[in-house]
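The values are calculated or read from the model by the stated rules, or taken from the named source; none is laboratory data. No experiment lies behind these values; they were computed from the predicted model shown. Neighbour counts are summed over all protein chains in view; Cβ atoms, including those assigned to glycine, are modelled from backbone coordinates with ideal geometry. Keep in mind that these areas ignore ligands, DNA and RNA; they rest on the heavy atoms of the full protein, side chains included. Shrake-Rupley method; radii C 1.70, N 1.55, O 1.52, S 1.80 Å.
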Amino acid sequence: MFHIYCPHCAEYREEEEFHASGQAHIARPLDPEACSDKEWGEYLYFRKNPRGIHHELWVHAAGCRKFFNITRDTQTYEIKEVYKIGEQPSVVAQSGNSK
Amino acid sequence: MQHYSGFGLFKHSLSHHENWQRAWRNPTPKKKYDVIIVGGGGHGLATAYYLAKQFGVTNVAVIEKGYLGGGNTARNTTIVRSNYLWDEAAHLYEHAMKLWEGLSQDLNYNVMFSQRGVLNLGHTLQDMRDIERRVNANRLNGVDGEVLDPQQIKEIVPHMDCSENTRYPIMGASWQPRGGVARHDAVAWGFARGADSHGVDLIQQTEVTDLIIEDGTVVGVKTNRYGDIKADRVGCVVAGNSSVLAKKAGFELPLESHPLQALVSEPIKPVLDTVVMSNHVHGYVSQSDKGDLVIGAGIDGYNGYGQRGSFPTIEHTVQAIVELFPMFSRVRMNRQWGGIVDTCPDACPIISDTPVKNLFFNCGWGTGGFKATPGSGNVFAASLAKGEMHELAKPFSMFRFHDGALIDEHGAAGVAH
Ligand SMILES: Cc1cc2nc3c(=O)[nH]c(=O)nc-3n(C[C@H](O)[C@H](O)[C@H](O)COP(=O)(O)OP(=O)(O)OC[C@H]3O[C@@H](n4cnc5c(N)ncnc54)[C@H](O)[C@@H]3O)c2cc1C
Ligand SMILES: [Zn+2]
């Protein structure tokens, strides 16, 4: 069971209050009409899915209902940091990991 | 290979079963193969078996980082059915179903395939509309199916609460009589033994750490135990680990790896002789020949490679089962475990060529690929043998996520499996 710190509520709450919404930092193409099928398909469906450090979007669904980001290790499940939308992660994968 | 038979069993009983031959060799790999299969789960082993047996490609190695069948193949809840909605999926899963029906004979190995029928329950009006639609589609595709009302369901599963006094009363179900269960580790072992007997090298405890790619063409794999091994073609069948290998080959897949859990109870007397699944209350259950209830449900919402699942998911699962079978509320659970499933956005697999020449992936089976094991191996073997995708596999290309030709099976995959 995760114990997750919500940066908006400034409190630790149990996993069940939250909902994981997948990979973070996916920017919607500014001009969708100009995208090739490949670019649009990759925006919609292709994901990083690493074994190790991952940046994820979570929502405090049964709390303040606000979104935020988590950096988490998908192997050990350790939560490395929590940060707000618009901020950048301070913990990132080693280059060997992101080859 | 020693042929298994009733007579053989009797003969070996005279020597206290101490002289059985090993089921497969434990070879040191050669320097080069025609085809390397990465991943010794059911799908990888089935691929190797059909490559050697049906397509005459015998210079094949299966490279497995752990032990054969130690991935999702022997972690699943063993449900087999083929009642998928869309033509492409129905044809693929029905191809598998037909192979299941002769598999024990073909492999000379008892995979304990038991066609005890599968019920998919409906609890809402929309559930029932979807069920009607799916059963009709199934019948048009030659897949057996019927729509049952609560009275008919009660006759098949007398212990289930089919009354109107529940939170989500059962309004009906789809029923596939040819569906059922099989013994999952026997499936891995049967295919392994069959592949080995046709000359395939099964290399266990060996991880593929990288793919060797020259000028956009794969020419072999790097391993942690035997260094580089060359190959003309490489097929990756590594389920939850697919994204990790794809990244090494330089591309992304539309997959996310999630933990999926199952649990089994203490053995109890026979109480359930079919498979019950419900998308709506989100659980499914069958009873093994040993007597334990085999229970499963949803994935954890977050990505994970930890082969364990979260407690809230177990709680949710058990709630659903007790809603359906109040009498199970006092049954104790014996064991619980997780597997890492590679879920795909349209709940259909990827059986595909890739941006790298001669490199093929068979993945994305997510929560429901056990039922497809023989069919998946069969069409993937055909594709690897010819270097061109099999007709049944073509719609499952990874490039469908570029051109938009998705095959949305969320309804039929539902609670998965
Ligand atoms: C709890 C649970 C319940 C399920 N229930 C059902 C069900 O009822 N019905 C159904 O149809 N499906 C079910 N499934 C899904 C089904 O188990 C899978 O879709 C199917 O078994 C996948 O088979 P596979 O051979 O592709 O993968 P796996 O059996 O996972 O095999 C992949 C193999 O690749 C190996 N590997 C990975 N990376 C490497 C590497 N780098 N080098 C070498 N080897 C590597 C792994 O060790 C593993 O043995 C369930 C899954 C789970 C987890
Ligand atoms: Zn909050």
Can you tell me which residues in region B:81-139 are of a type in the set (S, T, N, Q), closer than 23 Å to B:GLU391 by Cα and either out of contact with any helix residue (DSSP H, G or I) (no Cβ under 6 Å at 6 or more places or on another chain) or open to solvent by 10 Å² or more (accessible area, probe 1.4 Å) (or both)?
B:ASN138
Identify the single condition in (1) outside any strand (DSSP E or B); (2) surrounded by 22 or more Cβ atoms within 10 Å (Cβ to Cβ) that B:ASP342 does not satisfy, given that it satisfies every other one.
(1)
Filtering region A:43-73 down to residues that are over 17 Å from A:HIS19 (Cβ atoms) and part of a loop (DSSP other than H, G, I, E, B), which residue is farthest from ligand 1 (Cβ to nearest atom)?
A:PHE46
Limited to region B:345-363, what total is found for residues that are assigned to a loop (DSSP other than H, G, I, E, B) and near ligand 1 (Cβ under 9 Å from one of its atoms)?
1
Tally of residues being among the acidic types (Asp, Glu) and in contact (Cβ under 8 Å) with a residue 24 or more places away in the chain across region B:117-171
5
So which residues in region B:1-19 are touching a Gly at 6+ places or on another chain (Cβ under 9 Å) and either open to solvent by 100 Å² or more (accessible area, probe 1.4 Å) or among the aromatic types (Phe, Trp, Tyr) (or both), if there are any at all?
B:MET1
Please go through region B:65-85 and give me each residue that is closer than 13 Å to B:GLN115 by Cβ, part of a loop (DSSP other than H, G, I, E, B) and within 6 Å of ligand 1 (Cβ to nearest atom), ordered by number.
B:THR78
Provide a single number: the residues in region A:41-63 that are over 22 Å from B:ALA249 (Cβ atoms), buried (at least 16 other Cβ atoms within 10 Å of the Cβ) and in contact (Cβ under 8 Å) with a residue 40 or more places away in the chain.
3
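Per-residue answers, yes or no, for (1) within 14 Å of ligand 2 (Cβ to nearest atom); (2) charged (D, E, K, R); (3) more than 8 Å from chain B (Cβ to nearest Cβ); (4) out of contact with any Asp or Glu (no Cβ under 9 Å at 6 or more places or on another chain):
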residue: A:ALA10; (1), (2), (3), (4): yes, no, yes, yes
residue: A:PRO29; (1), (2), (3), (4): no, no, yes, no
residue: A:ALA34; (1), (2), (3), (4): no, no, yes, yes
residue: A:HIS54; (1), (2), (3), (4): no, no, no, no
Which pairs turn up if I take residues in region A:66-85 that are within 13 Å of chain B (Cβ to nearest Cβ) and more than 16 Å from A:ARG13 (Cα to Cα) and look for partners that are part of a loop (DSSP other than H, G, I, E, B) and of a type in the set (Phe, Trp, Tyr) with beta carbon separation below 7 Å, at least 6 apart in sequence or on another chain?
A:THR74/B:TYR305; A:GLN75/B:TYR305
Picking from B:ARG335, B:ARG308, B:ARG330, which residue would you name as being of a type in the set (Lys, Arg), over 15 Å from B:VAL237 (Cα atoms) and within 11 Å of chain A (Cβ to nearest Cβ)?
B:ARG308
Subset of region A:36-47, residues under 18 Å from the mean Cα position of the chain (by Cα) and more than 7 Å from chain B (Cβ to nearest Cβ), comes to A:GLU42, A:TYR43, A:LEU44
Could you pull out the residue among B:VAL379, B:VAL318 that is in contact with a His (Cβ under 6 Å, 6 or more places away or on another chain), part of a helix (DSSP H, G or I) and within 15 Å of ligand 1 (Cβ to nearest atom)?
B:VAL379
Quick check on B:ASP210: is it over 26 Å from B:THR343 (Cα atoms) and not aromatic (Phe, Trp, Tyr)?
no
Provide a single number: the residues in region A:4-40 that are closer than 18 Å to B:HIS258 by Cβ, part of a strand (DSSP E or B) and either hydroxyl-bearing (Ser, Thr, Tyr) or open to solvent by 90 Å² or more (accessible area, probe 1.4 Å) (or both).
2
Read through the list (1) closer than 22 Å to B:LEU99 by Cβ; (2) open to solvent by less than 10 Å² (accessible area, probe 1.4 Å); (3) more than 13 Å from the chain's Cα centre (by Cα), then give the number of the only condition that B:LYS386 fails.
(2)
Which strands (runs of 3 or more DSSP E) sit wholly inside region B:201-303 and have at least 1 residues that are closer than 22 Å to B:GLY377 by Cβ, within 11 Å of chain A (Cβ to nearest Cβ) and at pLDDT 95 or above?
B:256-267
Matching entry among B:LEU392, B:LEU406 (being more than 22 Å from B:LEU245 (Cβ to Cβ), away from every other protein chain (no Cβ under 14 Å) and part of a loop (DSSP other than H, G, I, E, B))
B:LEU392
Restricting attention to region B:201-255, the residues that are more than 14 Å from ligand 1 (Cβ to nearest atom), within 21 Å of A:HIS54 (Cβ to Cβ) and open to solvent by less than 50 Å² (accessible area, probe 1.4 Å) number exactly 2
Going residue by residue through region B:31-40, is there one that turns out to be in a loop (DSSP other than H, G, I, E, B), modelled with pLDDT of 95 or more and open to solvent by 90 Å² or more (accessible area, probe 1.4 Å)?
yes
